[in-house]
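Worksheet for the structure shown next.
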Amino acid sequence: MTIEYNVLEVEVDLNAIRHNYRLLCQKGSKVYGVVKADAYGHGLIEVARALEEEGADTFAVGIVSEGMLLRKSGCSKRIISMLGPLNEEDCFNAAQNGIIPFVGEFEQLEMLSAVVSAQGRKVEVCLKFDTGMSRLGFNTSELDELIGWLRRHPEVCPVLASSHLATSDDPAYEGYMSEQAETFSNILQRLADAGHELEASLANSAGILVHDQVHYSAQRGGIALYGSNPLLGTAWSELGSDLKPAMQVRTKIASVRKLRKGQAISYGCTYIAEKDMTVAIVCAGYADAFSRGLSNRGQVCIHGKRARILGRVCMQLCIVDVSHIENVKFGDTAYLLGGKGEGRISAEDLAAWWQTITYEVFCLLGMNPRTYKK
Ligand SMILES: *Cc1c(COP(=O)(O)O)cnc(C)c1O
């Protein structure tokens, strides 16, 4: 789901992503590159290629179709689908393309078994367990049934085991995380006793950066690859401070105009000029995934300085105050994310104005046309 043409341009620095991957590898032992949702808006194929050059040999996508796209791009490394199959077509495609699906439902197992048995083949899977997210995966209480099922179905071969942490980025919930890890360890032990020695992953980015005890044999690195520190604002913040941002988003200024004190700006007249001012009309609006929620609260970066959004964000435009910035003119660049100098906008700044997290900022803005800096 991408916007094909736009004034808005997303610039992705693949070197920053490589740097972040190397950093995660220094902390973890074997880091999968999490590239779901078009690599958090940074570009599935481009990011996977860059990571592969850094030695990544496993990629984690969300839905099976994302894995197919990656396979079709020529990627020959291990690909894991963290959602797993939702229908028979997904089962077929996973087996056909050598994509290892997560399975956390008996329905998924039955479907996979039926599809691959009909073809006289086998399929490798990652067993997914729910240890505290209460979202996807088998529960401990289903373990005996699962082990029994696997014994009767040699065409379904578990090679990985996985679970997901709910609170690894929050010092206040370290206990919750430890309980998840303990549950996961017990599951792994029972699987091993049943003859399933599996590569196991539990940690996400924050888990990799902070908690050695949840590293197991592999880790899944996502947000940190893209340069956002998941620990920012916590006592652990320092552990992610060397990550480098990889995405910048810029656009053009379509007009610069004078406003007289008392004049209203944009739909609904929600901002009235407090003094005579100069404003710039910036080509970015909610159709470009630059949220209307930023109305009267977001900022952009122009000539290295901050410019506040005034009034409502429109469909493809917004209006910013440039009274304090010299020589702003038609055609100049405005950064919605990144930029140069003191006024540079971090993903965390933007997420705060947007009242969301950096993950969403990247996924949404990343739908715009991208260019790559290598
Ligand atoms: C997205 C995702 C990750 C990566 O999480 P980050 O916080 O971005 O590192 C890991 N595991 C699963 C199951 C995910 O869905």
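Within the stretch 204-218, how many residues turn out to be part of a loop (DSSP other than H, G, I, E, B) and closer than 15 Å to Tyr21 by Cα? Counting residues in the stretch 204-218 that are part of a loop (DSSP other than H, G, I, E, B) and closer than 15 Å to Tyr21 by Cα gives 1.
If you check Pro245, Pro230, which single one turns out to be open to solvent by 10 Å² or more (accessible area, probe 1.4 Å) and within 9 Å of the ligand (Cβ to nearest atom)? If you could, list the steps in order and put the result at the bottom.
Values: Pro245 fails: within 9 Å of the ligand (Cβ to nearest atom).
Answer to the check: Pro230.
Mind telling me which of the residues Arg292, Arg250 ends up being surrounded by fewer than 18 Cβ atoms within 10 Å (Cβ to Cβ), within 24 Å of the chain's Cα centre (by Cα) and basic (Lys, Arg)?
Working: Arg250 fails: surrounded by fewer than 18 Cβ atoms within 10 Å (Cβ to Cβ).
Residue meeting the stated conditions: Arg292.
Out of the residues in the stretch 199-210 that are touching a strand residue (DSSP E or B) at 6+ places or on another chain (Cβ under 8 Å) and of a type in the set (A, V, I, L, M), which is surrounded by the fewest Cβ atoms within 10 Å (Cβ to Cβ)?
At the first step, the residues of the stretch 199-210 found to be touching a strand residue (DSSP E or B) at 6+ places or on another chain (Cβ under 8 Å) are 199-205, 207-208.
After this cut, where a residue has to be of a type in the set (A, V, I, L, M) as well, the list is 200, 202-203, 208.
Working: Ala200: 22, Leu202: 29, Ala203: 28, Ile208: 28.
Only one residue tops the list, namely Ala200.
Taking the stated definitions as given, is Ala254 touching a Cys at 6+ places or on another chain (Cβ under 8 Å) and either within 16 Å of the ligand (Cβ to nearest atom) or in a loop (DSSP other than H, G, I, E, B) (or both)? No; evaluated as a whole, the condition is false for this residue. Taken over the stretch 211-227, the criterion of being open to solvent by 30 Å² or more (accessible area, probe 1.4 Å) and either within 14 Å of the ligand (Cβ to nearest atom) or closer than 24 Å to Gly41 by Cα (or both) is satisfied by Tyr216 alone.
Do we find that Leu146 is open to solvent by less than 30 Å² (accessible area, probe 1.4 Å) and within 13 Å of the ligand (Cβ to nearest atom) in this structure?
Details: open to solvent by less than 30 Å² (accessible area, probe 1.4 Å): yes; within 13 Å of the ligand (Cβ to nearest atom): no.
No.
In the stretch 176-198, the residue that is most open to solvent (accessible area, probe 1.4 Å) out of those that are more than 14 Å from the ligand (Cβ to nearest atom) and under 26 Å from Leu243 (Cβ atoms) is Tyr176.
Here is a yes/no grid of residues against (1) more than 16 Å from the ligand (Cβ to nearest atom); (2) surrounded by fewer than 15 Cβ atoms within 10 Å (Cβ to Cβ):
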{"residue": "Cys91", "(1), (2)": "yes, no"}
{"residue": "Leu112", "(1), (2)": "yes, no"}
{"residue": "Val125", "(1), (2)": "no, no"}
{"residue": "Lys128", "(1), (2)": "no, no"}
{"residue": "Gly132", "(1), (2)": "no, no"}
{"residue": "Gly137", "(1), (2)": "no, no"}
{"residue": "Arg151", "(1), (2)": "yes, yes"}
{"residue": "Ser163", "(1), (2)": "no, no"}
{"residue": "Asp170", "(1), (2)": "no, no"}
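In a loop (DSSP other than H, G, I, E, B), closer than 30 Å to Ala37 by Cβ and not assigned by TED's automatic domain parsing to the domain that holds Tyr40: which single residue out of Val300, Val328, Val313 fits that description?
On the way: Val300 fails: in a loop (DSSP other than H, G, I, E, B); Val328 fails: closer than 30 Å to Ala37 by Cβ.
On inspection, the qualifying residue turns out to be Val313.
Take the residues in the stretch 28-44 that are open to solvent by 10 Å² or more (accessible area, probe 1.4 Å) and at positive phi, then tell me which one is farthest from the ligand (Cβ to nearest atom). Per the stated criteria, the residue is Asp38.
The residues of the stretch 256-277 that are hydroxyl-bearing (Ser, Thr, Tyr) and either surrounded by 14 or more Cβ atoms within 10 Å (Cβ to Cβ) or in the same structural domain as His19 (by TED's automatic domain parsing) (or both), listed by number, are Ser266, Tyr271. For the stretch 4-27, indicate whether the set of residues that are part of a strand (DSSP E or B), crowded, with 19+ Cβ neighbours inside 10 Å and within 13 Å of the ligand (Cβ to nearest atom) is non-empty. No.
Looking at Leu70, is it in the same structural domain as Lys36 (by TED's automatic domain parsing), part of a helix (DSSP H, G or I), in contact (Cβ under 8 Å) with a residue 40 or more places away in the chain and buried (at least 20 other Cβ atoms within 10 Å of the Cβ)? Let's see the steps before the verdict.
On the way: in the same structural domain as Lys36 (by TED's automatic domain parsing): yes; part of a helix (DSSP H, G or I): yes; in contact (Cβ under 8 Å) with a residue 40 or more places away in the chain: no; buried (at least 20 other Cβ atoms within 10 Å of the Cβ): yes.
Taking the combined requirement at face value, the residue does not satisfy it.
The residues listed here are Ala307, Ala284, Ala334, Ala280; of these, the one that is open to solvent by less than 20 Å² (accessible area, probe 1.4 Å), of a type in the set (A, V, I, L, M), part of a loop (DSSP other than H, G, I, E, B) and under 25 Å from Pro369 (Cβ atoms) is Ala284. A single entry from Ala284, Ala235, Ala264 fulfils the requirement of being closer than 21 Å to Leu165 by Cα, modelled with pLDDT of 95 or more and away from the ligand (no atom under 16 Å from the Cβ): Ala235.
The values are calculated or read from the model by the stated rules, or taken from the named source; none is laboratory data. Since this is a predicted model, take the numbers as computed values, not measurements. No Cβ is skipped: glycine too gets one built from the backbone with ideal geometry, and neighbour counts run over all protein chains shown. The accessibility values were calculated without ligands, DNA or RNA, using every heavy atom of the protein model including side chains. Shrake-Rupley method; radii C 1.70, N 1.55, O 1.52, S 1.80 Å.
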